[in-house]
Amino acid sequence: DTEVTQTPKHLVMGMTNKKSLKCEQHMGHRAMYWYKQKAKKPPELMFVYSYEKLSINESVPSRFSPECPNSSLLNLHLHALQPEDSALYLCASSQAIRLYEQYFGPGTRLTVT
Amino acid sequence: GIQVEQSPPDLILQEGANSTLRCNFSDSVNNLQWFHQNPWGQLINLFYIPSGTKQNGRLSATTVATERYSLLYISSSQTTDSGVYFCAVNSQGGSEKLVFGKGTKLTVNP
């Protein structure tokens, strides 16, 4: 099974709301990733967790706050977002970082109003 | 950082035609993946191919690591092959970051 699940599929939120995106994998992978994808652009890396520790933060604004409560779960907490943050948010996992194939979830399509 | 260039940017085919998509990269890599992004946004793994040749049904891929390019072949294309094809690499000397090319948008007409 190479499945990564993400919830919710769609999210509409106001600029003053607080919401969370969730990602789950049961493949025993120890690396998990958040990517952001704008329309007609490739995915861009936001965060990497390796063995539940934050390994990479690609200078993402603090209104995005990642959390890795255990090796199977990855959350992205959202607060005070801007309309330009509207995008497809993709979660991925791999056995470990660098040398291993990444598997992507179906994404959460976020609209900030 | 590593640069990834994909060509062509757009490709329109009739059903049944064959095509070749190209990915050039500027540095040695230890990870190269091809993905198909369907119209709903799902990124589907096609190949993990840092070097060599692989085949999966109508699709095959070749990476010539020494010359820093990879090719994705699609034979007997079907309308369901439509979407965007991304090449993504991880540099040998770089960080853990997977860097994506800009993609090739494929449209297969019936």
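Each value in this text was obtained by applying a stated rule to the coordinates, not by laboratory testing. The model shown is predicted, which means the values in this text are computed figures rather than measured ones. Quick reminder, even Gly has a Cβ in these numbers, built from the backbone with ideal geometry, and neighbours come from all protein chains shown.
Values as computed for the structure displayed
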| item | result |
| --- | --- |
| Residue ranges of strands (runs of 3 or more DSSP E) in the range B:57-110 with at least 2 members at the interface with chain A (Cβ under 9 Å from one of its Cβ atoms) | B:83-91 |
| Any hit, the range A:54-62, residues being farther than 17 Å from A:GLN6 by Cβ, outside any loop (DSSP other than H, G, I, E, B), in contact (Cβ under 8 Å) with a residue 12 or more places away in the chain and within 14 Å of chain B (Cβ to nearest Cβ) | yes |
| Set B:PHE35, B:PHE47: member being among the aromatic types (Phe, Trp, Tyr), closer than 13 Å to B:PHE100 by Cα, within 12 Å of chain A (Cβ to nearest Cβ) and surrounded by 13 or more Cβ atoms within 10 Å (Cβ to Cβ) | B:PHE35 |
| Pick from the range B:21-32, criterion in contact with a Leu (Cβ under 6 Å, 6 or more places away or on another chain) and either without any contact (Cβ under 8 Å) to a residue 60 or more places away in the chain or under 22 Å from A:LYS40 (Cα atoms) (or both), ranking: farthest from the other protein chains (Cβ to nearest Cβ) | B:ARG22 |
